[in-house]
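Here, each number is a calculation from the coordinates, and none is a lab measurement. The model shown is predicted, which means the values in this text are computed figures rather than measured ones. Reconstructed Cβ throughout: ideal geometry from the backbone, glycine too, with neighbour counts over all protein chains shown.
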Amino acid sequence: MARKDNCTIMQCDRCQTLKYFEKQDDHGFKEWWNIVRFDADGSQHDYLLCARCHEQYVNKLKDADNEFDSWMKNGAQS
Ligand SMILES: [Zn+2]
């Protein structure tokens, strides 16, 4: 088949991995993530991440959450 309509092609904004899905219930489709990030200036940035990059991103978020929680709790002492 030379032509295929109504498919989805994903490309990770970080590692540039390309993936082709014929249907949205294909294996692996739900492992791709649209994330929204606000930078220090409050600007919103949208990214598409593959499963591997999303896992690393979540770990970075957890580290940032822990740092933020610690910083918030120690405000009265400084
Ligand atoms: Zn990736």
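Averaging the Cα positions of each part gives two centres, and for the range 5-30 and the range 48-78 these lie 28 Å apart.
The 3J(HN,Hα) values that the Karplus relation (6.51, -1.76, 1.60; θ = phi - 60°) gives for the range 36-47 are, in residue order, 10, 10, 9, 7, 4, 8, x, 7, 8, 10, 10, 9 Hz. Gly and Pro appear as x. Here the relative contact order of the chain, from alpha carbon pairs under 8 Å that lie six or more residues apart, stands at 23 percent. Computed from the C-beta positions of ASP5 and HIS45 and an R0 of 25 Å, the FRET efficiency is 0.20 to the nearest 0.05. Please label the shape of the range 39-78 as rounded, prolate or oblate, based on the square roots a ≥ b ≥ c of the eigenvalues of the alpha-carbon gyration tensor (a/c under 1.5 means rounded; beyond that, a/b larger than b/c means prolate, else oblate). In terms of gyration-tensor shape, oblate.
Computed 3J(HN,Hα) for the range 59-71, one whole-Hz value per residue from the Karplus formula 6.51 cos²θ - 1.76 cosθ + 1.60 where θ = phi - 60°, is 4, 5, 4, 4, 4, 5, 4, 5, 4, 5, 4, 4, 4, glycine and proline marked x.
Among the chymotrypsin sites (Phe, Trp or Tyr not before Pro) in the range 1-56, none sits in a DSSP loop with a Cβ that has at most 15 other Cβ atoms within 10 Å.
What is the local net charge at HIS45, summed over the other residues whose Cβ is closer than 10 Å to its Cβ (Lys, Arg +1; Asp, Glu -1)?
-2
Restricting attention to the range 8-77, lysine pairs at least eight places apart or on different chains and with alpha-carbon atoms under 24 angstrom apart total 5. The calculated 222 nm mean residue ellipticity attributable to helices in the chain amounts to -10500 deg cm²/dmol, summing -39500 (n - 2.57) over DSSP H runs of n ≥ 4 and dividing by all residues. Assuming R0 = 30 Å, can you tell me the calculated FRET efficiency for the pair TRP71 and TYR20, based on Cβ-Cβ distance, to the nearest 0.05? Rounded to the nearest 0.05, the efficiency is 0.10.
Here the Karplus relation 6.51 cos²θ - 1.76 cosθ + 1.60, evaluated at θ = phi - 60°, turns the backbone of the range 24-33 into coupling constants of 6, 9, 4, 4, x, 4, 6, 8, 9, 10 Hz, with x for every Gly and Pro.
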